[in-house]
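Q: So that we are looking at the same thing, I have put the structure below in structure tokens.
Readers should treat all values here as calculations from the given coordinates under stated rules, not as data from a laboratory. In this text the structure is predicted, and so the values were computed from the model without any measurement. Methodologically, a virtual Cβ is constructed for each residue, glycine included, from the backbone with ideal geometry; neighbour enumeration extends over all protein chains shown.
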Amino acid sequence: MEGMARSSDKNITRVLFCGPHFPASHNYTKEYLQNYPSIQVDVVPISDVPDVIANYHLCVVKTMRLDSNCISRANQMKLIMQFGVGLEGVDINAATRCGIKVARIPGDVTGNAASCAELTIYLMLGLLRKQNEMRMAIEQKKLGVPTGETLLGKTVFILGFGNIGVELAKRLRPFGVKIIATKRSWASHSQVSCQSSGWHCKQVISIFNEKGLFFYKH
């Protein structure tokens, strides 16, 4: 456990990072704040968070579930920050009852959505081209196997047409695929939103609000 906060510390804003995963998050934060002695940044194992959360003012949640029991112990907490877009890991109602603000990191302004979309393209191509089998074939000095497939002509279903979904669809267009996307709800101006994201009227076949489906054909 790194630099556990002491309840006797005064005039120090204490920041808690829950767990060791995604180390760049706390490493960059520590580096940025190293010249601010009034701010202390600690990385605590997930299993220890409930026991120490009362000593912190700001909590950065990564992969753990911050439930009502844990939040009720955070009597000094001012802000819970989700490291990412989804807030499934935070009991927002419990935080609200305790007067704690909850925030997240939006994907559309941080580059995260674009990064996830690019990674998805990479994984799709690797799957179609049978990347693992290809690596083994090369190691065995075999040429022409395995036989891969192309994205061209495929139908791609995007489950959740949010920031990542839109960025993925943009990058899929040059591959000549048909895209089917769905989301929990479509705003009445869905077609306008699609157009502002780079879609054109002739490319939008139809939007079914009652089914939450969006169809795009290259």
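Q: I need 96, 182 ordered by Cβ neighbour count within 10 Å, fewest first.
A: Working: 96 12, 182 16.
Result, fewest neighbours first: 96, 182.
Q: Would you please put 121-133, 139-151 in order of how densely packed they are, using the mean number of other Cβ atoms within 10 angstrom per residue and starting with the highest? Display every interim value, and only then the final one.
A: Values: 121-133: 13.8, 139-151: 10.5.
The peptides rank, most packed first, as 121-133, 139-151.
Q: Amide H to amide H under 5 Å from residue 60: which residues, 5+ apart in sequence or cross-chain, H placed 1.01 Å off N in plane?
A: 16, 17, 18, 81
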